[in-house]
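The block underneath contains the structure these notes are about, expressed in structure tokens.
Bear in mind these aren't lab numbers, they're just calculated from the coordinates by the rules spelled out. Values in this document were obtained by computation on a predicted structure and should not be read as measured data. Every residue, glycine as well, gets a Cβ built from its backbone with ideal geometry; the counts of neighbours run over all protein chains shown.
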């Protein structure tokens, strides 16, 4: 039964691959609830789709468009923003923003102006004997490098 239908469809759509794609789309449309243009006669949706194509009761161009739409993905195109909407951060405004963020996270000490960072320098004082030994060894190595350079 289906072989006769396929042979009838080849007259309308000569490429068998196109026929399969279009008939499959029509069968999906029927499964989704599209109205039938011919009698069902206890046939399955793919056979009905082939019979509709053979009898030219559906437009091939409509099926082709439906196939293309089903394969397309919607891509949202971002329109370019105007210069008023785009705000370029300068180094000063970036520094102010970072200082404000740090002030909110850490909390600003009293007497300090917002956005102003106070520099504190402390001399390094070893907390243990091990750190003192490392510091002395580093000083000795620096002295040896100077002596090698002098020779």
- Quick one: would you say residue 66 is part of a helix (DSSP H, G or I), out of contact with any strand residue (DSSP E or B) (no Cβ under 6 Å at 6 or more places or on another chain), in contact (Cβ under 8 Å) with a residue 24 or more places away in the chain and under 19 Å from residue 4 (Cβ atoms)? no
- Note on the structure: Residue count, region 28-47, condition surrounded by 12 or more Cβ atoms within 10 Å (Cβ to Cβ) and either touching a residue at least 60 places away in the same chain (Cβ under 8 Å) or within 14 Å of residue 59 (Cα to Cα) (or both), comes to 5
- Query: Going through region 14-43 one residue at a time, which ones are over 18 Å from residue 70 (Cβ atoms) and touching a helix residue (DSSP H, G or I) at 6+ places or on another chain (Cβ under 8 Å)?
  - Reply: 16, 36, 37, 38, 40, 43
